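Undergrad: Below: one structure in structure tokens.
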Amino acid sequence: MGPILLKLITLFGFISEQWALRLFMIFFVTFNNLLLAVCLSNMTNSKQKILNTLIIFNALLIISQDVWLYVWDFIDISFFIFYGFILFKDEYLKYLVPINFLHIFNRESALIMAVFFLLLMYTKDKNFTKLFKNNYVIGLIFNLTFGVLYTYFSRKILFIRQSDYTGGGQDLENNFLGGNWVTPLYNYNSLYNGETLANTLILLSLLLVFIFIFKNYKSFESVQKNLSLGVFLNILPVFIFGIFTETRQYFPSLVLLTYLIFSKINLKQET
């Protein structure tokens, strides 16, 4: 989705590729902040709480910046702002299936969220007969099936050659789901790549997130438990199919974590 939007911006030749990328980033940084502010304003009337949450949101993303950053990462943030919002507002659940379907064309994280919402619906009603009559469940199962097939065949059809990165490409022996890597061994070896401080900070940060969740899980409200599950489900695949040192891959989890912090602070202040 991101590359297509960039192509449209440069379609008539008035804007260079470099400026198209700059404008794209400026637009989505602004859009994501406005979108989050609008979502938060539907949950609180306090401008101070909204501002504090926006500061936390931007601080987490800035801290997580690295040399690896792609246009679809910015779009991914937009989708996850919506996902987090509907966990608080059930009346917007009717938009979940079409939004999740659109998300498929941006990044595979759409599949994770299809699984995530299916799990939530299963925990609410474990009667399979009722579940398979639920339009949301049917829609999400369709999205998940279509998404897997789309990811596989789009990568197979569009694939041209192996990357020249590090002398031939790091994905030479990994061909899962149309070229996606299977990376646990690679991630383990990355621990000894010489970037000891950076790797330690990343793993320590993740550990602190997990400690925060596990320590408070029993006292969490239902929506907070759901957000915690979303954070976990979006971090875990990074160590299986991604590269844990590419901190951009934690952006989806950081959006949900922002909502979790917002919810936790609000409940404390209300009590």
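The values are calculated or read from the model by the stated rules, or taken from the named source; none is laboratory data. This structure is a prediction, so every number in the text was calculated from the model and none was measured. FYI the Cβ positions are ideal-geometry reconstructions off the backbone, even for glycines, and counts take in every protein chain you see.
Undergrad: Scan 44, 10, 53 and give me the residue that is in contact with an Asp or Glu (Cβ under 7 Å, 6 or more places away or on another chain) and more than 14 Å from residue 78 (Cα to Cα).
TA: On inspection, the qualifying residue turns out to be 10.
Undergrad: Still on this structure, I have one more. Looking only at residues that are in a loop (DSSP other than H, G, I, E, B) and among the small types (Gly, Ala, Ser) in the stretch 37-65, which one is nearest to the chain's Cα centre (by Cα)? Steps first, please.
TA: Going through the stretch 37-65, the residues in a loop (DSSP other than H, G, I, E, B) turn out to be 42-46, 64-65.
Adding the requirement that they be among the small types (Gly, Ala, Ser) leaves 46, 64.
On the way: 46: 27, 64: 13 Å.
Going through the qualifying residues, I end up with 64.
Undergrad: Which condition breaks for residue 218 when tested against (1) in contact with an Asp or Glu (Cβ under 8 Å, 6 or more places away or on another chain); (2) within 30 Å of residue 45 (Cα to Cα)?
TA: All conditions pass for residue 218, except number (1).
Undergrad: Could you figure out which of (1) among the hydrophobic types (A, V, I, L, M, F, W, C); (2) in a helix (DSSP H, G or I); (3) under 20 Å from residue 27 (Cα atoms) isn't true of residue 68?
TA: Condition (2) is where residue 68 drops out.
Undergrad: Still on this structure, please answer the following. Give the number of residues within the stretch 105-115 that are surrounded by fewer than 21 Cβ atoms within 10 Å (Cβ to Cβ) and in a helix (DSSP H, G or I).
TA: The qualifying residues number 2.
Undergrad: Another question about this same structure. Being of a type outside the set (A, V, I, L, M, F, W, C), surrounded by 13 or more Cβ atoms within 10 Å (Cβ to Cβ), in contact with a helix residue (DSSP H, G or I) (Cβ under 7 Å, 6 or more places away or on another chain) and within 25 Å of residue 87 (Cβ to Cβ) is the requirement here; does residue 52 meet it?
TA: Answer is no for this residue.
Undergrad: Report, by residue number, each residue of the stretch 1-36 that is touching a Ser or Thr at 6+ places or on another chain (Cβ under 9 Å), farther than 21 Å from residue 100 by Cα and in a helix (DSSP H, G or I).
TA: Quick first cut of the stretch 1-36, residues touching a Ser or Thr at 6+ places or on another chain (Cβ under 9 Å) only: 10, 16-17, 19-20, 28, 31-32, 35-36.
Pick out the ones that are also farther than 21 Å from residue 100 by Cα and you get 10, 16-17, 19-20.
Result: 17, 19, 20.
Undergrad: State which residue pairs qualify: first residue more than 25 Å from residue 118 (Cα to Cα) and inside the stretch 142-158, second residue at pLDDT 85 or above and loosely packed, with under 14 Cβ neighbours inside 10 Å in any location, beta carbons under 8 Å apart, and separation of 6 or more residues or different chains.
TA: none
Undergrad: Going by the structure shown, is residue 238 buried (at least 19 other Cβ atoms within 10 Å of the Cβ), on the phi < 0 side of the Ramachandran plot and among the β-branched types (Val, Ile, Thr)?
TA: For residue 238, the condition - buried (at least 19 other Cβ atoms within 10 Å of the Cβ), on the phi < 0 side of the Ramachandran plot and among the β-branched types (Val, Ile, Thr) - is met.
Undergrad: Return only the number of the condition from (1) under 30 Å from residue 90 (Cβ atoms); (2) loosely packed, with under 13 Cβ neighbours inside 10 Å that residue 57 does not satisfy.
TA: The number of the failed condition is (2).
Undergrad: Starting from the stretch 82-108, keep only residues that are under 18 Å from residue 32 (Cβ atoms), then list their pairs with residues that are surrounded by fewer than 14 Cβ atoms within 10 Å (Cβ to Cβ) and hydroxyl-bearing (Ser, Thr, Tyr) whose Cβ atoms are within a distance under 8 Å, requiring at least 6 positions of separation or different chains.
TA: Qualifying pairs under 8 Å: 82/95; 86/95.
Undergrad: Which numbered condition in (1) surrounded by fewer than 18 Cβ atoms within 10 Å (Cβ to Cβ); (2) within 14 Å of the chain's Cα centre (by Cα) is the only one that residue 129 fails?
TA: (2)
Undergrad: Same structure again: Kindly provide the set of residues from the stretch 173-228 that are among the charged types (D, E, K, R) and either modelled with pLDDT of 90 or more or exposed (fewer than 13 other Cβ atoms within 10 Å of the Cβ) (or both), ordered by number.
TA: If the condition is that a residue be among the charged types (D, E, K, R) and either modelled with pLDDT of 90 or more or exposed (fewer than 13 other Cβ atoms within 10 Å of the Cβ) (or both), then 173, 215, 218, 221, 225 are the ones that fit.
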